[in-house]
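**Q** This is the structure, below, for whatever I ask next.
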Amino acid sequence: MGFRCGIVGLPNVGKTTIFNALTQGHEEISIVPFSTIHPKKGVVPVPDERLGELVRVLRPKRVVHAFLDFMDIAGLIEGASQGAGLGNQFLSHIRDVDVVLHVVRSFQSEEAVHILGSIDPIRDIKIVNMELILKDIETVNKRIQKLEQKGMTKEHVALVELLQGVKSALEQEHPVRHLDLSPEDMRHLRDTHLFTIKPCLYCINVDENDLPGGGKWEKDLVAFAEADQAKIVFMCGILEEDLSKITDPEQRKQIIEDFLLEQSGPAKVVQLGYQLLEKVTFFTYDHDEVRAWTIPSNTKAPQAAGHVHTDMERGFIRAEIVRWDDLVAAGSPQKAKEEGHFRVEGKDYMIQDGDVVHFRFNV
């Protein structure tokens with residue numbers, strides 16, 4: 001599995017359109033606020049051109065992608081943390097996602113009127129972020145009360161101290177992801193399911209005339225995202241949804257180039273999501289199968305082998321590795337070996353993004 005992504009934002013910002021583009025789905029689009037009452041889920045293969053190139057060269061019987069979970073969640077409005085709109089229902093659905101994809105509207109439309117009557121992306125971001133902060137404050141307060149009721153052991157005192165620090169930051173309108181938390185702190189906070197601790201990717205839904213950038217809002221939005229320790233992508237939801245329905249890869253590629261885009265919106269979302277979560281992709285192959293695997297960055301070879309099969313980690317001997325592009329350029333594994341592109345790595349090697357790996361093991 002790649003990662004789980006929850007799509008959030010105000011009503012009528014194009015969340016379902018973006019969801020359809022990401023999942024190649026065909027959910028009905030409504031211009032009525034709160035039309036997404038129940039979360040829509042989509043499990044989709046990670047778009048990775050490298051995998052396609054490897055399949056072309058290796059000609060396996062089957063190909064297995066890494067997969068992503070996307071969830072389109074009901075629109076959020078001011079007061080949602082107190083239950084306004086579908087607030088509490090909405091908030092309950094994003095507790096378990098890995099990344100929050102915050103869709104923000106910067107396009108004009110006479111048909112889909114903005115719920116606040118005007119287009120102001122920074123204002124909209126702040127509204128949603130504040131609701132998440134307020135809900136996190138409520139969650140932290142409840143957690144502190146429960147700990148105090150259980151009796152203040154040494155461990156509870158340390159945890160309450162940590163939670164008080166988190167609460168103080170939230171009350172100053174700082175998301176938890178801004179805090180310099182240790183791995184141990186993160187472990188203690190995991191069960192608290194805080195919303196603002198999650199990595200955030202701002203997806204700015206623009207008019208196609210603003211591509212490849214973000215129009216008049218671009219500079220301010222880029223600065224806001226940087227200050228918020230978030231990533232940002234500009235994409236036109238309607239264009240991307242149309243692209244998702246085109247089956248001819250050459251036609252898709254031409255349209256992407258016509259809009260001066262380096263890659264499709266969904267591919268960019270996946271790329272930035274991997275960066276936020278500090279994950280990489282490696283590949284394995286044999287005569288029957290080529291497969292993509294998603295692992296955390298800085299994973300050593302034996303632990304990467306364990307993602308393939310636990311026996312491989314337990315009996316790890318070595319990893320035979322070739323870079324995906326060297327293998328593709330050579331045209332076959334045999335040719336790549338003759339050209340000296342294969343190398344042997346031991347148990348301390350950190351798997352790199354794009355490695356093609358054959359694990360040697362004995363159990």
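**Q** Pick out, from the range 253-363, the strands (runs of 3 or more DSSP E) lying fully within it that include 3 or more residues that are under 23 Å from the mean Cα position of the chain (by Cα) and surrounded by 15 or more Cβ atoms within 10 Å (Cβ to Cβ). Don't jump to the end; show me each part of the working.
**A** On the way: elements: 279-285, 289-296, 316-323, 343-345, 355-361.
Correct list: 279-285, 289-296.
**Q** Do you know which of the residues in the range 232-243 that are buried (at least 19 other Cβ atoms within 10 Å of the Cβ), in a helix (DSSP H, G or I) and not aliphatic (A, V, I, L, M) is modelled with the lowest pLDDT?
**A** In this case the residue turns out to be GLU241.
**Q** Given the conditions (1) crowded, with 17+ Cβ neighbours inside 10 Å; (2) part of a helix (DSSP H, G or I); (3) at pLDDT below 90, which single one is not true for GLN89?
**A** Failed condition: (1).
**Q** For a quick check of your reading of the model, give me the residue pairs whose first member lies in the range 282-297 and is over 11 Å from VAL64 (Cα atoms), whose second is open to solvent by less than 10 Å² (accessible area, probe 1.4 Å) and aromatic (Phe, Trp, Tyr), with beta-carbon atoms closer than 9 Å and at least 6 apart or on different chains.
**A** Note: pairs meeting the criteria are THR294/PHE3; THR294/PHE282; ILE295/PHE282.
Here is a yes/no grid of residues against (1) of a type in the set (S, T, N, Q); (2) free of Cβ contacts under 8 Å to residues at least 60 places away in the same chain; (3) exposed (fewer than 13 other Cβ atoms within 10 Å of the Cβ):
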{"site": "THR153", "(1), (2), (3)": "yes, yes, yes"}
{"site": "LYS167", "(1), (2), (3)": "no, yes, no"}
{"site": "GLU171", "(1), (2), (3)": "no, yes, yes"}
{"site": "VAL176", "(1), (2), (3)": "no, yes, no"}
{"site": "LEU181", "(1), (2), (3)": "no, yes, no"}
{"site": "MET186", "(1), (2), (3)": "no, yes, yes"}
{"site": "ARG190", "(1), (2), (3)": "no, yes, yes"}
{"site": "HIS193", "(1), (2), (3)": "no, no, no"}
{"site": "PRO199", "(1), (2), (3)": "no, no, no"}
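**Q** Being at pLDDT below 90, touching a Gly at 6+ places or on another chain (Cβ under 9 Å) and not hydrophobic (A, V, I, L, M, F, W, C) is the filter here; which residues of the range 47-77 pass it?
**A** ASP69, ASP72, GLY75
**Q** Same structure, new question: Restricting the range 125-144 to residues that are more than 16 Å from PRO175 (Cα to Cα) and either touching a residue at least 24 places away in the same chain (Cβ under 8 Å) or not charged (D, E, K, R) (or both), which is surrounded by the fewest Cβ atoms within 10 Å (Cβ to Cβ)? Steps first, please.
**A** Step one: of the range 125-144, the residues more than 16 Å from PRO175 (Cα to Cα) are 142-144.
With the extra rule that they be either touching a residue at least 24 places away in the same chain (Cβ under 8 Å) or not charged (D, E, K, R) (or both), the set shrinks to 143-144.
Details: ARG143: 20, ILE144: 17.
Checked the range 125-144; the qualifying residue surrounded by the fewest Cβ atoms within 10 Å (Cβ to Cβ) is ILE144.
The values are calculated or read from the model by the stated rules, or taken from the named source; none is laboratory data. Since the model is a prediction, treat every value here as computed from it, not as a measurement. Counting neighbours? That spans all protein chains shown, and the Cβs are built from the backbone with ideal geometry, glycine included. To get the accessible areas, we keep the full protein, side chains included, count just its heavy atoms, and leave off ligands, DNA and RNA. Shrake-Rupley method; radii C 1.70, N 1.55, O 1.52, S 1.80 Å.
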